[in-house]
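The values are calculated or read from the model by the stated rules, or taken from the named source; none is laboratory data. Every value quoted in this text rests on a predicted model; they were computed, and no experiment measured them. Cβ placement follows ideal geometry from the backbone for every residue including glycine, while neighbour counts extend to all protein chains displayed.
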Amino acid sequence: MLKELVKHLFPRLVREGDLRITYTFCLGGLAFTSLLVLTGTGLLLLFYYSPAPQTAHASIQFLETSVWGGAYLRSLHRLSSHALLVLVALHTLRVILTGAFLHPKKMNWLMGCSLLFLSVFAAYTGYLLPMDQLAYWATQTGMELVRALPLGDSLRALLVPDDVGGPLALLRFYALHIVIVPLAMLVLAMLHFFVIRRQRGLLPYL
Amino acid sequence: MAEAPRSRRSTLRALILSLLGGAALWRYLTPRAGAGASGRGAVSVPERDVPAEGALVLPQHRVAIVRGGDDFLALDLTCTHLGCTVKATEQGFACPCHGSRFGTGGDVRKGPAPRPLRRLRLDRRDGIIRVSRA
């Protein structure tokens, strides 16, 4: 049964032109790879991070100084998050410049835009978690920016009910960062790939 | 992707259910105590702690009490641009985030701040100054 499953994951046929590297530069595939690295390193970081304002920073310091490979994993997580944003942006640019958002792929373009938005949101929610000065003030300014949006005050009340730096706000950013946003991204990415496969496109890995 | 046409009944039901669900989720996620839990309510200080022709700055409360002779003025130290806490300088206040400058009265000297610093309610009674964020 497993063999059958693996067999069906791969496409029946591949167009020769799709195999040229300059066709897509594999940017989407590389972005997905960063997402996988982020998931892996993030799962490991979960074992040490403590999502409370008083203990968050200390837990990160403990991870950095007393855990074998802790500093490496955290750097890798941070670096891959930067890579994901850059690659998703480049992928979007490639899609725009080659006109790949046009008719049959319109639905997939919209899903891709949602993925771009979710990547930025995941990065933003993750930025607060270390609870250092940079995290605090970046989130503070970001939450003021949100207020400029229509319904921005309501959105702010949902995200930071007890102001930036409060225990509820940190817990919400944590829940969004480790479950809700990544889950939405993985589900959307799978749909994104499903549509590509159905339109006979080429996928990363498979 | 041709979709089966939805009936009016199922559309209305979906609409009502999602509105009810959204309203319930909103109530669940906005606790009543949330808004006041920031712990930055009122501050009281003795008048003599404020230097004449100077200011007493309480960064942890984000409040400055500016004094010119016998006139007192309470300013909210939250920058009106993006909400950083401004720092007291010799000329007034400066925001470390994006470089806004304010005069000693809270007036904008240099952008990007769009408005002067917010003035807070200040009550003087028996030599005690009480500043509240009402």
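For region A:126-151, enumerate the residues that are closer than 22 Å to B:His98 by Cα, part of a helix (DSSP H, G or I) and more than 13 Å from chain B (Cβ to nearest Cβ).
A:Tyr127, A:Leu128, A:Ala135
Within region B:15-48, how many residues turn out to be modelled with pLDDT of 80 or more and either not in a loop (DSSP other than H, G, I, E, B) or not hydroxyl-bearing (Ser, Thr, Tyr) (or both)?
Number satisfying all stated conditions: 20.
Among the candidates A:Leu30, A:Leu38, A:Leu5, which residue alone is in a helix (DSSP H, G or I) and closer than 30 Å to A:Gly165 by Cβ?
A:Leu38
Just to check your reading of the model, which residue among A:Ala184, A:Ala122, A:Ala189, A:Ala169 is touching a Pro at 6+ places or on another chain (Cβ under 7 Å) and more than 14 Å from chain B (Cβ to nearest Cβ)?
Of the residues listed, the single one that is touching a Pro at 6+ places or on another chain (Cβ under 7 Å) and more than 14 Å from chain B (Cβ to nearest Cβ) is A:Ala122.
Restricting to region A:47-70, what's the tally of residues that are over 25 Å from A:Gly166 (Cβ atoms) and either hydroxyl-bearing (Ser, Thr, Tyr) or assigned to a helix (DSSP H, G or I) (or both)?
3
Assigned to a helix (DSSP H, G or I), surrounded by 14 or more Cβ atoms within 10 Å (Cβ to Cβ) and touching a residue at least 60 places away in the same chain (Cβ under 8 Å): which single residue out of A:Leu73, A:Leu118, A:Leu44 fits that description?
A:Leu118
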